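The values are calculated or read from the model by the stated rules, or taken from the named source; none is laboratory data. This is a predicted model, so every value here is computed, not measured. Cβ placement follows ideal geometry from the backbone for every residue including glycine, while neighbour counts extend to all protein chains displayed. Just the protein is used for accessible areas: all its heavy atoms, side chains included, with ligands, DNA and RNA removed. Shrake-Rupley method; radii C 1.70, N 1.55, O 1.52, S 1.80 Å.
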Amino acid sequence: MAIICEADSLISDGASQDKMNKFYSSVSYKSLYEMKEALIKNHQFLEDKFMNFTEVELQEEITSYWGVTYSRYEWLIEIVAHVYHHRGQLHTMLVHCYGIDTKDPLFE
């Protein structure tokens with residue numbers, strides 16, 4: 001989850017599969033602290049990036065290495081959906097596999 005914003009940002013810029021493979025293999029976090037810091041940093045990076053696009057730039061279409069084409073705005077929606085998807089997975093694993101109730105409201 002810590003790298004979704006950065007990785008999906010690269011994909012939304014049209015990064016090649018080779019570039020993505022190199023990116024994924026270059027990332028390694030050793031502690032929860034590092035993961036938390038990366039999550040915060042990468043979220044802020046994505047926010048800053050998209051807040052600086054003009055309306056014209058947000059409408060520009062970018063094609064992923066697997067052939068899907070979205071506007072930058074649509075890519076942002078996909079990135080948000082991706083984060084929420086994995087957030088739900090993590091919550092489900094903690095609750096149902098480990099019996100940990102985080103008491104975090106997911107949809108409020």
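A few remarks follow.
- Some residue of region 8-15 being over 18 Å from Glu78 (Cβ atoms) and open to solvent by less than 90 Å² (accessible area, probe 1.4 Å): no
- Only one of Met93, Met51 that is open to solvent by 80 Å² or more (accessible area, probe 1.4 Å), more than 13 Å from the chain's Cα centre (by Cα), at pLDDT below 95 and of a type in the set (A, V, I, L, M): Met93
- Checking each residue in region 54-70 for being surrounded by 10 or more Cβ atoms within 10 Å (Cβ to Cβ) and not in a helix (DSSP H, G or I) picks out Glu60, Glu61, Ile62, Thr63, Ser64, Tyr65, Val68, Thr69, Tyr70.
- Screening region 71-90 for residues that are of a type in the set (Gly, Ala, Ser) and at pLDDT 95 or above and picking the one that is surrounded by the fewest Cβ atoms within 10 Å (Cβ to Cβ) gives Ala81.
- The listed residue being part of a helix (DSSP H, G or I) and touching a residue at least 60 places away in the same chain (Cβ under 8 Å), out of His91, His96, His82: His82
- Filter result (out of contact with any Ser or Thr (no Cβ under 6 Å at 6 or more places or on another chain) and aromatic (Phe, Trp, Tyr)) within region 52-108: Phe53, Trp66, Tyr70, Tyr73, Tyr84, Tyr98, Phe107
- Qualifying positions in region 17-33 - of a type outside the set (D, E, K, R) and either over 17 Å from the mean Cα position of the chain (by Cα) or open to solvent by 70 Å² or more (accessible area, probe 1.4 Å) (or both): Gln17, Asn21, Tyr24, Ser25, Ser26, Ser28, Tyr29, Ser31, Leu32, Tyr33
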